[in-house]
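Each value in this text was obtained by applying a stated rule to the coordinates, not by laboratory testing. It should be emphasised that the depicted structure is a prediction, and the values quoted were computed from it without experimental measurement. Methodologically, a virtual Cβ is constructed for each residue, glycine included, from the backbone with ideal geometry; neighbour enumeration extends over all protein chains shown.
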Amino acid sequence: MQTAVVPRQGGASLCGEDVPPGLLTEDAIVQGPPAPIAPTGLLPSNLPEAWAGHETTPAALASALSKRAGKVLPWSTVRTAIDHALRARLVQTALGFTWTGDFSQANSTKLRVPAGPPPPAPSNVRVAKGPLRASQFQELADRLGEISKIAADDNLRLGVQIEIGGAKPPAAETISKVNKVLKDVDPNLELKSES
């Protein structure tokens, strides 16, 4: 098992790295490795103190993460989180900057949030979806009471998507009649063109 070495003096913290001579003294603390940092934990929404607008530096991330942890985190732990965030495209190097993961770049490399929205964070929500024939939809409706009892404490939510059409568009009269039925169920429910 890897261990982390934290000298009582200075801001070094090492894990999975060679300990330089003189750093492992009698008053140094040897402890288990810190927990891995989720790549999403680096995002501005989760670590706002490390970001200035849409940009940050690896050093700012390391400082903010260490402050939250209440101890200096090993660079290897922070570097791994940054590497994972870069691979997942949650962050990217700013224009004109490169990233090798070396601590000497911690203050000089700029990271930024990509222009598009970041991928959603992993969710605890489970979703079942797929096309159902009318008879299957009726069977599902008949068993909703059973599902509601099973998932009573788990924030059960239902959605619906109704599609009519295919190689040729449905007749205007068909759309009008189906919309009348749908609005009896919910005033906001109606067939609309996707274009």
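At a Förster radius of 41 Å, what calculated FRET efficiency corresponds to the Cβ-Cβ distance of K168 and T93, to the nearest 0.05?
Once rounded, the FRET efficiency stands at 0.25.
What order, most packed first, do the peptides 101-109, 129-137, 144-152 have when packing is the mean number of other Cβ atoms within 10 Å of each residue?
Top of the packing list down: 101-109, 144-152, 129-137.
Can you tell me which lysines have their Cα less than 29 Å from the Cα of K67? Leave out same-chain residues fewer than eight positions away.
K67 reaches K110.
Set the Förster distance to 35 Å, then compute FRET efficiency between V178 and S148 from the Cβ-Cβ distance, nearest 0.05.
Details: r = 27 Å, r/R0 = 0.77.
The calculated FRET efficiency here is 0.85.
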